Amino acid sequence: MPVTTHRPIAVFKIHPAILSVAALAALLLQTLLPLKLPVARLMDFPLLILIYFALMRRDRMFGIGLGTGLGLLQDTLTHGYIGIFGIAKAITGYLAASASTRFELESLVTRTVLTGVFVLVHNLCLYGLQHVLLEAPPPFQPIATASAVMMNVALGLILFQILDRFRRPA
Amino acid sequence: MVFDPNSPDTSRPVAVLTPDGIGVGAIVNRHRPLFALLLVVTAQILLLSLQIIRNHHVRLIRYWAVQAFDPFERSLGGLINVSSTAYKSYRHLWTAEQENQELRLQLVAAQAQVQRLGQEAGEAEHLRTLLGFKNQLGFQTVSAEVIASSPGENSNAIFIDKGSDSGLTNDLAVIIPEGVVGKIVAIFPHSAQVLLVTDSSSGVGVSLAQSGVQGILKGGSNNFCDLHYVMNDEAVNRGDQVVTSGLDQVYPKGLPVGTVVNVGNGNIYKTINVKPSVDLNRLEMVLVVLKPAAAEQQAMNGAR
């Protein structure tokens, strides 16, 4: 006789309109904010949106789809090849959704660590893809990468608090 | 049937046991997200290969994306400007109130006026400089406003508010009085994408103002550039001015590009770091240098 075990896992729903507005706003901020605030080049708003929604929905197919969509849109607004951000964000979305079933996401510490790990994974994916695919890849800058991780984690903690207000239990 | 206790959807079996064990279909079904990820990544690698084979020609996708985002960028950019101005005004008001409560209203009015006049004077001075620079150039230019930057930490590009409607085309040089900014790499009806000189994929034909030694300037790290193909036996010193050579057929000859900040010998060529003469993080207005044919088109548009 098969034995099934149940562990209480909170899955949250977000209205598609909220998701669309958040994604659009993230992409717009990503293009506009560095003009006013040069340090914002280190921030990745679409990535934070992806991490949050992938963690909350706990659905790997959703994580892959959202990551691919956001990444490809981000790619089209750069001058580089289309697909670099798409692949990195698809992988990050998959990993975030996979990890979400194993952690208690209401804890601030868990959120901080997971966000830092996924920002680092995303940046390493980008770096790897650029080195494999581009003729003149940018050099690896550990300090800039560390700064980007810390800045995105700090930004993510604020952003996630705001987005928490719009979620509903599934 | 086998259930995954970690899955949120515990009602669905993850594998079906057959008398021979777990079938291929069941494995695919169990690892569906992983297969989906592999499919998505493979598709995008194929897309990347296609772009590399076709030498980066995916203009249609990029055209649609930029056209779709352009109105939002303009609107949000305007909103940010208004909010920024409002925030600055509020901050000045608050400071004035703290410093002198008795003269609060008077001081607030005075500060607001001073700020507005200062801002107008600054803008007028900036425009006067740009106009003076434009008039002294020996070629025709179009002024444009920077409306957005390119997303991505390693993406050194900006968007300007003039496009093919203003007679602009690809490969036009973009400059300001302080020096060279970059060149247009993608053109749209009402906007254009400018690749900055600090991008690793950019290349500018340059020479040293003092010695006339020529080389190719490419983007380096930390917003600096590297000067390539200068032989070890050439005399290059820190502080040497780098100007455009005009040999690349994009940038007119003699425009300032930057200053040599570091020189070292390599195997054959020197290793030279150049600090751009333009602060590329704070661009607002730029001039696009028209080629003769584009200048005629611009003149016709102006006549209409």
Q. List pairs: first in region A:140-164 and within 14 Å of another protein chain (Cβ to nearest Cβ), second of a type in the set (Ser, Thr, Tyr) and surrounded by fewer than 17 Cβ atoms within 10 Å (Cβ to Cβ), Cβ under 8 Å, 6+ apart or cross-chain?
A. A:Gln141/B:Ser221
Q | Exclusive hit being farther than 19 Å from A:Asp75 by Cβ and hydroxyl-bearing (Ser, Thr, Tyr), set A:Thr92, A:Thr145 | A | A:Thr145
Q) Condition test on A:Leu129, is it open to solvent by 40 Å² or more (accessible area, probe 1.4 Å) and either in a helix (DSSP H, G or I) or in contact (Cβ under 8 Å) with a residue 60 or more places away in the chain (or both)? A) no
Q: Taking only region B:149-206 into account, find how many residues are free of Cβ contacts under 8 Å to residues at least 40 places away in the same chain, under 23 Å from A:Leu33 (Cα atoms) and within 10 Å of chain A (Cβ to nearest Cβ).
A: 6
Q.
Going through B:Arg30, B:Arg74 one at a time, which residue ends up being farther than 26 Å from B:Ala192 by Cα, of a type outside the set (Phe, Trp, Tyr) and open to solvent by 90 Å² or more (accessible area, probe 1.4 Å)?
A. B:Arg30
(Q) Looking at region B:267-286 only, could you name the residues that are farther than 19 Å from B:Gly179 by Cβ and exposed (fewer than 12 other Cβ atoms within 10 Å of the Cβ)? (A) B:Asn267, B:Ile268
Q: Would you check which residues across region B:159-171 are open to solvent by 10 Å² or more (accessible area, probe 1.4 Å) and either out of contact with any Asp or Glu (no Cβ under 7 Å at 6 or more places or on another chain) or closer than 24 Å to B:Asn222 by Cβ (or both) and list them?
A: B:Lys162, B:Ser164, B:Asp165, B:Ser166, B:Thr169, B:Asn170, B:Asp171
Q | Filter result for the condition that a residue is of a type in the set (D, E, K, R) and open to solvent by less than 70 Å² (accessible area, probe 1.4 Å), over B:Lys253, B:Lys218 | A | B:Lys218
Q: Would you point out which residue out of B:Val185, B:Val174 is assigned to a strand (DSSP E or B), open to solvent by 10 Å² or more (accessible area, probe 1.4 Å) and of a type in the set (Val, Ile, Thr)?
A: B:Val185
(Q) Looking at (1) within 14 Å of chain A (Cβ to nearest Cβ); (2) without any contact (Cβ under 8 Å) to a residue 40 or more places away in the chain; (3) surrounded by fewer than 20 Cβ atoms within 10 Å (Cβ to Cβ), which one does B:Gln136 not meet, given that it meets all the others? (A) (1)
**Q.** Residue that is nearest to B:Thr169 (Cα to Cα) [pool: residues in region B:207-223 that are within 14 Å of chain A (Cβ to nearest Cβ) and at pLDDT below 90]
**A.** B:Gly219
Q. Taking region A:62-79 as the search range and keeping residues that are open to solvent by 10 Å² or more (accessible area, probe 1.4 Å) and touching a residue at least 24 places away in the same chain (Cβ under 8 Å), which one is farthest from B:Pro33 (Cα to Cα)?
A. A:Leu73
(Q) Among the residues in region B:140-150, are any under 25 Å from A:Leu134 (Cα atoms) and either modelled with pLDDT of 90 or more or open to solvent by 10 Å² or more (accessible area, probe 1.4 Å) (or both)? (A) no
Q) Out of curiosity, is B:Asp226 at pLDDT 90 or above and surrounded by 15 or more Cβ atoms within 10 Å (Cβ to Cβ)? A) yes
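The values are calculated or read from the model by the stated rules, or taken from the named source; none is laboratory data. Since this is a predicted model, take the numbers as computed values, not measurements. Counting neighbours? That spans all protein chains shown, and the Cβs are built from the backbone with ideal geometry, glycine included. For accessibility, only protein heavy atoms count, side chains too; no ligands or nucleic acids. Shrake-Rupley method; radii C 1.70, N 1.55, O 1.52, S 1.80 Å.
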